[in-house]
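Beneath this line is the structure, given in structure tokens, with notes to follow.
The values are calculated or read from the model by the stated rules, or taken from the named source; none is laboratory data. This one's a predicted model, so the numbers in the text were calculated from it and none came from an experiment. In this analysis, Cβ positions are derived from the backbone assuming ideal geometry, glycine residues included, and neighbour counts consider all displayed protein chains. Side chains are part of the model used for accessible areas, which takes the heavy atoms of the whole protein and leaves out ligands, DNA and RNA. Shrake-Rupley method; radii C 1.70, N 1.55, O 1.52, S 1.80 Å.
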Amino acid sequence: MMPIKSALRVVSNLLGAVAMLFLAFLMFGITADVIVRALTGSPISGVFEMSELSLVMVVFLGAMWAQDDRAHIRVNIVSSLLSGWPHRAAMALAWGGGTLALAMLAWPATQEAIYSVSIREFRWGYVQVPIWWTKVGLALGLWLAAIQMACHAVFALFADEAKEPKTASDA
């Protein structure tokens, strides 16, 4: 189990770092665009379009990273009352449901990404911006998050995570 957990952590950290680069672009690119627009009256070409694409990449490439840190919003009213085998079964069922939901989103996203790459899809704005690569990133992020949740479902059956480490938000 540990090699799988380690591999998932490496992949999630790598995708999280890429997501942070897109977030940095959002922060600095939009700030620069606002300043240039205030000074010159016109925006920097392509910043708006890249901002839209960057938002997609932050969300879908950062999904595994957030899952690894247990940073997604969760409601644990029932699972916090359980312990032992019932808790493990409930967690496995929940992670399995998450896996199914992500896979159901990933399949059509993959089909759309394949089509988008085949036509080299782009978007017109101030400049022509290729968007096929974001569709690939979206599908990849969904599949990897689904794999991660499937692994968590299996891990939950073997190890009880009832006593998860406290985070600052739990205080």
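Determine whether Arg120 is in contact (Cβ under 8 Å) with a residue 24 or more places away in the chain, among the charged types (D, E, K, R), exposed (fewer than 15 other Cβ atoms within 10 Å of the Cβ) and within 23 Å of Val18 (Cα to Cα).
Details: in contact (Cβ under 8 Å) with a residue 24 or more places away in the chain: no; among the charged types (D, E, K, R): yes; exposed (fewer than 15 other Cβ atoms within 10 Å of the Cβ): yes; within 23 Å of Val18 (Cα to Cα): yes.
Here the answer is no, as Arg120 does not meet what is asked.
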**Message:** I'd like the residue in the stretch 1-33 that is open to solvent by 90 Å² or more (accessible area, probe 1.4 Å) and modelled with pLDDT of 90 or more and, out of all such residues, is nearest to Gln148 (Cα to Cα).
**Reply:** Arg9
**Item:** Residue under evaluation Pro43, criteria (1) open to solvent by less than 50 Å² (accessible area, probe 1.4 Å); (2) not in a loop (DSSP other than H, G, I, E, B), criterion not met
**Value:** (2)
**Asked** Within the set of pairs 6 or more residues apart or between chains, which connect a residue that is outside any helix (DSSP H, G or I) inside the stretch 1-28 to a residue that is buried (at least 17 other Cβ atoms within 10 Å of the Cβ) and not acidic (Asp, Glu) with Cβ atoms less than 9 Å apart?
**Response** Met1/Cys151; Met1/Phe155
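Yes/no per residue for (1) in contact with a Lys or Arg (Cβ under 6 Å, 6 or more places away or on another chain); (2) small (Gly, Ala, Ser); (3) at pLDDT 95 or above:
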| residue | (1), (2), (3) |
| --- | --- |
| His72 | no, no, no |
| Val75 | no, no, no |
| Ala90 | no, yes, no |
| Leu93 | no, no, no |
| Ile114 | no, no, yes |
| Gly125 | no, yes, no |
| Trp143 | no, no, yes |
| Phe158 | no, no, no |
| Ala171 | no, yes, no |
